[in-house]
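Undergrad: Have a look at this one before I ask anything.
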Amino acid sequence: MRAEDIFNKPLTKSQIKRFEAAAARQAAGDDSQINFDDIPPLTDDQLARMVRARDLPPRKVPVSVRLDPAVLEWLKGKGEGHLTRINDILANVMEAELER
């Protein structure tokens with residue numbers, strides 16, 4: 001069986017009914033039937049590594065920036081995504097300044 005066979009398989013009336021009911025609940029903001037019991041709580045380490053969430057992916061402009069080697073190593077030392085982290089840090093500083 002190929003992936004195309006699975007994706008192109010027609011849904012049964014019962015499946016369509018269940019999907020429509022789930023979509024209606026989701027559209028209404030009703031999450032009362034979601035069972036969260038199997039989701040473990042976040043650890044302190046996971047919470048410490050969280051970064052600012054973005055509402056919508058903004059268009060980004062490519063730029064070239066020169067950083068001190070120590071700054072770059074510090075950013076890279078926090079794991080993957082050091083370029084995104086630079087944007088997040090600058091966005092947080094900008095937002096704090098605009099709130100003043």
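The values are calculated or read from the model by the stated rules, or taken from the named source; none is laboratory data. Quick caveat, the model's predicted, so the values are computed rather than measured. Here Cβ is always computed from backbone atoms with ideal geometry, including for glycine, and neighbour counts include all displayed protein chains. SASA here: full protein model, heavy atoms, side chains in, ligands and nucleic acids out. Shrake-Rupley method; radii C 1.70, N 1.55, O 1.52, S 1.80 Å.
Undergrad: Top to bottom by accessible area (1.4 Å), largest first, where do F7, F36 land? Please report the intermediate quantities before stating the final value.
TA: On the way: F7 165, F36 110 Å².
Final ranking, largest accessible area leading: F7, F36.
Undergrad: Among the GluC sites (Glu not before Pro) in region 1-92, which ones are in a DSSP loop with at most 13 other Cβ atoms within 10 Å of the Cβ? Mind listing them? Show your work: numbers first, answer last.
TA: Working: sites: E4, E20, E73, E80; in loops: E80.
Taking region 1-92 and a limit of 13 other Cβ atoms within 10 Å, the loop GluC sites (Glu not before Pro) found are E80.
Undergrad: At most 15 other Cβ atoms within 10 Å and a DSSP loop assignment: could you name the trypsin sites (Lys or Arg not before Pro) in region 1-49 that fit?
TA: On the way: sites: R2, K13, K17, R18, R25, R49; in loops: R2, R49.
Sites meeting the loop and neighbour criteria: R2, R49.
Undergrad: So what J values fall out for region 22-33 if you push phi through Karplus, 6.51 cos²θ - 1.76 cosθ + 1.60 with θ = phi - 60°, rounded to Hz, Gly and Pro as x?
TA: With the stated coefficients, region 22-33 comes to 5, 5, 5, 4, 5, 5, 7, x, 8, 10, 5, 8 Hz.
Undergrad: Here's a follow-up. Stretch E20-E97 to full length: gain in nm at 0.36 nm per residue minus the Cα-Cα span?
TA: Result: 23.1 nm gained on full extension.
Undergrad: Moving on to the next point. Of the labelled options [x] 21, 15, 12; [y] 41, 20, 17; [z] 25, 20, 11, which one gives semi-axes √(5λ) of the Cα gyration tensor in Å as computed for this structure?
TA: Label of the calculated value: [y].
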